Amino acid sequence: MRIVFAGAPAFACPTLEALQAAGYPVIAVLTQPDRPAGRGRKLTPTPVKTLAVELGIPVHTPENGAFAERIVQEYHPDVVVVVAYGLILPASLLTIPRFGCLNIHASLLPRWRGAAPVARAIEAGDAQTGVTIMRLDAGLDTGPMLAHATTDIGPTDTALTLADRLARLGPETLLPVLNALHHGTSVPEVAQPAAGATYARKLRKEEGVIDWQREAIALDRQIRALTPWPEARTVIDGVATKICAARAVEIEREPAPGVVLQVKPDLLIGTGRGALCVTRLQAANGRAQATASFLQAHPLRPGDRIG
């Protein structure tokens, strides 16, 4: 089976590795062009490009769908496997491979179609999420579904830990589909229902600002959903500070939002409902550290206001 792989972030790498290990050699990789990254703004390849080069797979970085289509035509693949590619493929490209274009989407479709399904599932307080193997069509994550697998969202899961788990679940779910297609076995396709469809809009940096008027449970989800990017942040002791880890706690009295309730043994900050127990903080240009260590340099007292 001739496979072209399209993907960009680290989330896609376990699938590329699994295809090679399972005896499905990838004949070409499509990924995003190198882009400036880090403080030095040095041109940096995507994780998928770095891995493909290590594996000796030809890499192409088309900047638009038309160029991507030309490349796929040149390789005549049986299937294109797509994982978080970040480039919309034209409808004419989808018909080139014999088995079409199969996408690993990081949600249980039709819930959380779109760019940020992992973060939005945590933010919404979903108890479960998963991966869906779907055949791409002209819509945005609207194609028929071939397989899915679920995983629970734990109370301490961040977008990073959950994405890592889904990245491994994706190829585990995809390979049986590819095996069936390879051996001529019919794979049932199920149309996505209209009911329950939601859209996972792209994350924006502004979403990281903590609004202490919100209830603690919502802030807990916000912090976990925005880890590792764009990260939740507030102002402590006049310093822009990232909240790296926290949990919602119930308290007997209604607190004043954004007011420090206690600093020992834990830092408790009042919210619109309940309190937030903050366990890790990171000052601007500093490193993430336990709250107790952070407070040695930025002391707080009960009654101080945050933000």
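Laboratory data are not the source of any read-out in this text; all were calculated from the coordinates shown. What you see is a predicted model, and the numbers here were worked out from it, not measured in a lab. Please note: Cβ atoms are built from the backbone with ideal geometry, for glycine as well, and neighbour counts cover all protein chains shown.
In table form, for the structure just shown:
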item	result
Calculated FRET value between E63 and V239, using beta carbons and R₀ = 45 Å, to 0.05	0.65
Relative contact order of the range 205-297, defined on C-alpha pairs under 8 angstrom at six or more residues apart (%)	27 percent
Gain upon complete extension [L43, R70; 0.36 nm per residue less C-alpha separation]	7.2 nm
Label zone at A124 (point 7 Å along Cα-to-Cβ), backbone N below 15 Å, the range 208-226	222, 225
Fraction of antiparallel bridges per DSSP, the chain only, in percent to nearest 5	65 percent
Label-point gap, in nm, between L55 and A180 - each point 7 angstrom along Cα→Cβ	2.3 nm
Per-selection Kirkwood Rh - the chain (Cα, Å, 1 d.p.)	21.2 Å
Candidate lysines for bridging to K205, where Cα separation is under 28 Å - those fewer than 8 sequence places away on the same chain excluded	K42, K49, K242
Relative contact order (%) - the chain, alpha-carbon pairs under 8 angstrom, separation at least six	13 percent
Extreme residue, positive dipole direction of the range 3-200, given options P9, A163, A195 (C-beta unit charges)	P9
Ranked M1, M145, M134, criterion: other C-beta atoms within 10 Å, fewest first	M1, M145, M134
Within the chain, helix-based [θ] at 222 nm, where runs of 4 or more DSSP H residues each add -39,500 (n - 2.57), nearest 500	-8000 deg cm²/dmol
Contact order normalised by residue count of the range 72-160, Cα under 8 Å, 6+ apart, percent	26 percent
Label-point gap, in nm, between N285 and I27 - each point 7 angstrom along Cα→Cβ	5.3 nm
